[in-house]
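Every read-out reported here was derived from the displayed coordinates using simple, explicitly stated rules and does not represent laboratory data. Owing to the predicted nature of the structure, the values given are computational and were not obtained by experimental measurement. Methodologically, a virtual Cβ is constructed for each residue, glycine included, from the backbone with ideal geometry; neighbour enumeration extends over all protein chains shown.
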């Protein structure tokens, strides 16, 4: 089974800007997915790319998003899944890739694995700053969706993440995440 | 019931009286105007506020035909904002509340922008896009609070326009002037477009826009391109948040909500997702008393008041830290 992802023109962007963004992101996303797969990270395999229509075809992953799954599974399973997500994200970071749009909607649960999708805003980067942004986006997505247990699942994520990248780098990345968060508006900087 | 609201978070000192039904009986404002090429000087703005405060509050009561002794509550914007400015409004509000034994109601200025937006548009459960000098945030109501789904990672959309304007000697707030200049061009210059998930970042766009200007591009072309890129970035972040939250309404509110390019782009986003676009009534885009008075009325009806001794200003009061006890979760 396959699925096609096509970036449609957006009426809210002038044509010149829109064309550049759509084509650029299509090429970039498929590149990143290919490299992430080479690192051994579960990512749908690319079958075909059509840059001129900002479109590509990839394997279909049969399963819910992690966002959906977290609503229905037991507390134990949701901790286990988020720990696994930490290990998965750590693998791309260690391989020099940042996702750029890391949310629990961009993670598919299938085949006992967690597949990362939607790399369109990602990048090749080893910068702590970019890794911190990934963690911040994920933390915010958890907080805004699963208001009752977001702390617990993010802690589980960090556990898995640190277990893979090592305790020191784990702490450094979280510290950077908090720093980026406080750059936002109206956080007490104390 | 009558509630007096006092706004003094930044350049505007405003006062307003509203009724329990949401009628705005008065809306009086006096804004500190900075010299062209400069921004708000907090101390000077605070001095301005202390000079105009008595007249603005008296007129707000007079225009409403309400005596101070008839008030059921005095609402004050305790933050977020500039400390010296906040303290002027807070002092005035505390005096009235203390003298007439009227409950004092703490209001978060950003929540004020949201509530005046829902009051004037009838939006029920919107994805809120709050754009002003102090905010560029995308929020939705969940679990008793307005949760931030996306925001700027550095400067706000209002900052972008104001800081750009300052360099070319325009007065702030500069949004309307930049919009006028932008309308004279359709020549798009490539500028950095930075969206990170549901977040945006405008600092690189500011630097690049100023650099293009120095390199000889026309002011109109740069204004047009900067406005296109900045509003499209936010529109994309809003589209992502809309897809994520599945809300069926968008509410654009805050000072920069007056920008027609932004209004058009968000209306386009709404169209893509079968959502209804709302824009706060033009009269209440900028900072004003009614946003504080009406939010105060909602809070008062739910029993939210604050003791004078505890009514310290909170210059960095995040909107997502406020418990919204008066709003029910849409099912």
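Counting only DSSP beta bridges with both residues in chain B, the antiparallel share comes to about 60 percent.
For segment B:248-298, averaging the sequence separation of C-alpha pairs within contact (under 8 Å, six or more residues apart) and dividing by the residue count gives a relative contact order of 46 percent.
Each principal axis of the Cα cloud of chain B was taken in turn, and the coordinate range along them, longest first, works out to 61, 48, 30 Å. Result for chain A in a Gaussian network model with C-alpha springs under 10 Å: among A:16, A:47, A:81, the largest mean-square fluctuation is at A:16.
Taking R0 as 56 Å, what FRET efficiency do you get between residue B:98 and residue B:246 from their Cβ-Cβ distance, rounded to the nearest 0.05? Computed FRET efficiency for residue B:98 and residue B:246: 0.75. Extension gain for the segment residue B:38 to residue B:69, taken as residue separation times 0.36 nm less the Cα-Cα distance, is 7.1 nm to one decimal. If you line up the long axis of helix B:260-272 against the longest principal axis of chain B, both from Cα atoms, how many degrees apart are they, to the nearest 10? With rounding to tens, the tilt is 80 degrees. Placing pseudo-labels 7 Å out from each Cα toward the beta carbon at residue A:147 and residue A:25 gives an inter-label distance of 2.9 nm. For segment B:184-330, the Kirkwood hydrodynamic radius comes to 18.2 Å, computed from all pairs of different C-alpha atoms. Relative contact order of segment B:98-217: 18 percent, from C-alpha pairs under 8 Å at least 6 residues apart in sequence. Cα centroids of segment B:252-331 and segment A:83-130: 34 Å apart.
Rg and Dmax of segment B:46-182, based on Cα coordinates, read 17.9, 51 Å. When chain A is treated as a GNM with alpha-carbon contacts under 10 Å, the residue of A:12, A:71, A:161 showing the greatest mean-square fluctuation is A:12. Given R0 = 25 Å, the distance between the Cβ atoms of residue A:73 and residue A:171 translates into a calculated FRET efficiency of 0.30.
If you take the Cα centroid of segment B:39-62 and the Cα centroid of segment A:16-58, the two points sit 56 Å apart.
Extent of segment A:66-183 along its three principal axes (Cα atoms, max minus min coordinate, largest first): 35, 28, 24 Å.
Both radii are taken from the alpha-carbon atoms of segment B:249-331; with Rh as the Kirkwood radius, Rg/Rh is 1.04.
Simple spin-label estimate for residue B:263 and residue A:1 gives 4.6 nm between the two label positions (7 Å along the Cα-to-Cβ direction from each Cα). Between 0 and 90 degrees, the angle of helix A:75-94 with respect to the longest Cα principal axis of chain A falls at about 60 degrees. Remark: relative contact order (segment A:66-183) = 35 percent; criterion is Cα-Cα distance under 8 angstrom and separation of 6 or more residues. Between residue A:14 and residue A:62, the modelled labels are 4.8 nm apart [label points 7 Å from Cα along Cα→Cβ]. Note on chain A: with a GNM built from Cα contacts shorter than 10 Å, the maximum mean-square fluctuation among A:113, A:38, A:148 falls on A:148.
Roughly what angle does helix A:150-165 make with the longest principal axis of chain A, taking Cα atoms, 0 to 90 degrees, to the nearest 10? The answer is roughly 80 degrees. Ordering B:117-124, A:165-172, B:85-92 by mean Cβ neighbour count within 10 Å, with the highest value first, yields B:85-92, B:117-124, A:165-172. In vacuum, with every alpha carbon of the protein assembly as shown counted as one equal point scatterer, what does the Debye formula give for log10 I(q)/I(0) at q = 0.06, 0.09 Å⁻¹? Two decimals, please. Once normalised to I(0) and log-transformed, intensities are -0.30, -0.68.
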